[in-house]
Amino acid sequence: QVQLVESGGGLVQAGGSLRLSCAASGRTFSRYSMGWFRQAPGKEREFVAGISRIIMASYADSVKGRFTISRDNAKNTMYLEMNSLKPEDTAIYYCAADSDPTRIVALGTADYWGRGTQVTVSS
């Protein structure tokens, strides 16, 4: 069992930056593939970025070059550095964990979810 808690969301102007964190409980954090997803009002939840156990990273096309995902296994924490934010990045951001550490987590493969943190980008 893994419990995930997101933090770091908030209100920022377009062009600004935010850093999200996802703290995981338990001693097996390093065995999970981790990822960030987001859900905007009226839209389906979508993949943002993922990082596997071997630090293979993947990004949605919409955030490539602006967002950076990372993890610190010693701190049981995953991060999402978000730069050059746009109003269309406004959403609730969720972290997720996949028990298969060799693949990038997807909507259909995530075993655990956090409750989310709101990110609002004003124009």
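The values are calculated or read from the model by the stated rules, or taken from the named source; none is laboratory data. Just so you know, these numbers come straight off a predicted model, no measurement behind them. Cβ coordinates were reconstructed from backbone atoms using ideal geometry, including for glycine residues, and neighbour counts include every protein chain displayed. Side chains are part of the model used for accessible areas, which takes the heavy atoms of the whole protein and leaves out ligands, DNA and RNA. Shrake-Rupley method; radii C 1.70, N 1.55, O 1.52, S 1.80 Å.
Sort through 62, 17, 30, 25 and tell me the only one that's out of contact with any Ser or Thr (no Cβ under 7 Å at 6 or more places or on another chain), free of Cβ contacts under 8 Å to residues at least 40 places away in the same chain and among the hydroxyl-bearing types (Ser, Thr, Tyr). Give the steps one after another, and end with the answer.
Details: 17 fails: free of Cβ contacts under 8 Å to residues at least 40 places away in the same chain; 30 fails: free of Cβ contacts under 8 Å to residues at least 40 places away in the same chain; 25 fails: free of Cβ contacts under 8 Å to residues at least 40 places away in the same chain.
Just a single option satisfies the conditions, and that option is 62.
Just checking, how many residues over the range 83-100 are out of contact with any Ser or Thr (no Cβ under 6 Å at 6 or more places or on another chain), open to solvent by less than 30 Å² (accessible area, probe 1.4 Å) and more than 12 Å from residue 34 (Cβ to Cβ)? Qualifying residue count for the region: 3. When you scan the range 106-113, do you find a residue that is farther than 15 Å from residue 9 by Cα, surrounded by 14 or more Cβ atoms within 10 Å (Cβ to Cβ) and of a type in the set (A, V, I, L, M), even just one? Yes: the range 106-113 contains one or more residues that are farther than 15 Å from residue 9 by Cα, surrounded by 14 or more Cβ atoms within 10 Å (Cβ to Cβ) and of a type in the set (A, V, I, L, M).
Inside the range 46-73, residues that are among the β-branched types (Val, Ile, Thr), open to solvent by 50 Å² or more (accessible area, probe 1.4 Å) and over 17 Å from residue 101 (Cα atoms) make up a count of 1. Cβ separations smaller than 8 Å between residues 6+ apart or across chains give the following pairs from the range 77-88 residues that are more than 23 Å from residue 4 (Cβ to Cβ) and in contact (Cβ under 8 Å) with a residue 60 or more places away in the chain to residues that are part of a loop (DSSP other than H, G, I, E, B) and aliphatic (A, V, I, L, M): 86/14; 87/14. Being touching a Gly at 6+ places or on another chain (Cβ under 9 Å) and among the polar types (S, T, N, Q) is a condition met by no residue of the range 88-111. Among the residues in the range 30-50, are any outside any strand (DSSP E or B) and under 15 Å from residue 114 (Cβ atoms)? Scanning the range 30-50, I find at least one residue that is outside any strand (DSSP E or B) and under 15 Å from residue 114 (Cβ atoms), so the answer is yes. If only residues of the range 1-45 that are closer than 14 Å to residue 70 by Cα and polar (S, T, N, Q) are counted, the one that is surrounded by the fewest Cβ atoms within 10 Å (Cβ to Cβ) is 30.
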